[in-house]
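These notes concern the structure reproduced below.
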Amino acid sequence: MDRFYWSDSPLKSDESLVFQQTGVRLYDGDKKTKFDRGLLILTTHRLLWRDPKDQTCTVALDLPLVVFLEEKPSGFAKSAKISVYMSVAPSSKPPGPVTSSVYNFVLLSFREAGETQFFRSFQEALTQKRWLQSSIPVQVAAQSSIQNRQIRTGITGIERKMQAKNKQMEQNISEAFEDLSKLIDKVSNIFPTPKGDFFQKLCEKNRIFCNCFFSCML
């Protein structure tokens, strides 16, 4: 019973009514509770119990917490029941009528019949899992958007790094040519003019080296 929480009972925007039955009592495990002869409402997302005398007294159970159902036929002086076995409640569960319970199931006791149809409808709702249909596309779209944004960010980062690297390379080459030009000027002042052919060949070799260097880079 600690999986149930207080609810204002209006249906959610993507929630639909499946079946409802009057005269139902809730049991916490095998123990009777004060929730007697209420309206049991099954939707595509939740199981709700409402007090017919007090419309503000409504408790709800999210269907994803339901593990399996078991139908118990009526007997001598006993009403038909449906056992609802549940998984552990999430920490984010809203407050409810029971803080903790030693039971992992509740009993739905049908005082005014209707248990067979309710059981079938309950089983069908659990099989269809309609509560997933509205959340999956949103999650996929959000995940796809994040992945695309990460890819675009990665490509932009690579392009920026390449541009910075090329700019630095151009600056280094420019500085190297400038230093070479200054060196040639200094040496030209020291060696006599007949040696000019030597410097011309030196410059030609440097041009050939630079052409090979750029060819390798491309």
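None of the figures in this text is laboratory data; all of them are computed from the coordinates on show. Note that the structure is a prediction, hence the values are computed from the model and not measured. We place every Cβ from the backbone using ideal geometry, glycine too, and count neighbours over all the protein chains shown.
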The stretch 23-55: trypsin sites (Lys or Arg not before Pro) in DSSP loop, at most 10 other beta carbons within 10 Å:
LYS34, LYS53
Applying the gyration tensor rule to the Cα atoms of the stretch 6-126 (axes a ≥ b ≥ c; rounded if a/c under 1.5, else prolate if a/b exceeds b/c, else oblate), the class is rounded
Which entries in LYS12/LYS93; LYS78/LYS129; LYS12/LYS78 show an alpha-carbon gap greater than 28 Å?
LYS78/LYS129; LYS12/LYS78
Apply the Karplus parameterisation 6.51 cos²θ - 1.76 cosθ + 1.60, with θ equal to phi minus 60°, to every residue of the stretch 13-24 and state each ³J(HN,Hα) to the nearest whole Hz, in sequence, with x for glycine and proline.
4, 9, 9, 10, 6, 9, 7, 8, 8, 8, x, 10
